[in-house]
Every structure is written in C-alpha cells, then in structure tokens.
Amino acid sequence: MGTVTPFPAPGGPRPGQVGFDRAELGRILDLYGRMVAAGHWRDYAIRLERDVAMFAAFRRTAENPELRIEKRPALRNRQGMWALIGEQGVVLKRGHELALVLAPVERRLMKLVEN
C-alpha cells in the first residue's frame, strides 16, 4: 500500500516547493469567481511543484486549460515571476506584479459582462 500524506502537510509546504500566498490566491480566485459568474469558466486546477506554482482555468473539465497563471520565483530578477499563458502554450503576458499580468483577463471579463 502507498503512503498517505495529510493535506495540508504538517508544518506548511514542503521545503523547496513553490506555492501561492493568501493574497495571491485570493486575487486569482476572485477573478476565477467572476469569470464563473459570467458563464465563461467552469473548472480550475492548482499544481504546486518544486520550481513553479500553476493555476489553470478551464471552460469545460475535459479540455486543455484556457488560461494558466504561473508563478516562477527563479525568474523574479529577470522578466518577472508571473506569467499568463494561453491555451496553445504561448506566453500572453509576463511581469513582476500579479495585477498587471491579470489585466488582459480583467479587460476580457469587462467585455463579457457588457455583452
């Protein structure tokens, strides 16, 4: 039988694991909730790895993610640790601040709500 690891792991995240802090996750989930209310997104996934934390938003569960928000702290001093990646894997926006990286999605949400 396998080993059962409690969630969340005692003592916080594993050493060397990248994750979202409370404010970052709150901002991302707020945007996700508004996109769900607009009828555009229906599911999400969070993936935490050694070098990257990802939030993926799906239109339908069985598809590729329409959008991925990635946090890579190793790129903090270069082009920025935040990236907005489209469905085809193309980097749509990269930056040092989460709010600026999420701006294109916020604008699209405004267009969805107006229609």
Point to revise | Extension reserve of the Arg76-Glu49 stretch, reckoned as 0.36 nm per residue once the Cα distance is removed | key: 8.1 nm
Revision key, fill the gap. The range 22-114: relative contact order from alpha carbon pairs under 8 Å, six or more residues apart, as a whole percent, is 18
Review point. What FRET efficiency do you get for Ala37 and His96 if R0 is 30 Å and r is their Cβ-Cβ distance, rounded to the nearest 0.05?
Key: 0.55
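Coordinate-derived values only; no laboratory data. Please read all numbers here as calculations on a predicted model, not as lab measurements. No Cβ is skipped: glycine too gets one built from the backbone with ideal geometry, and neighbour counts run over all protein chains shown.
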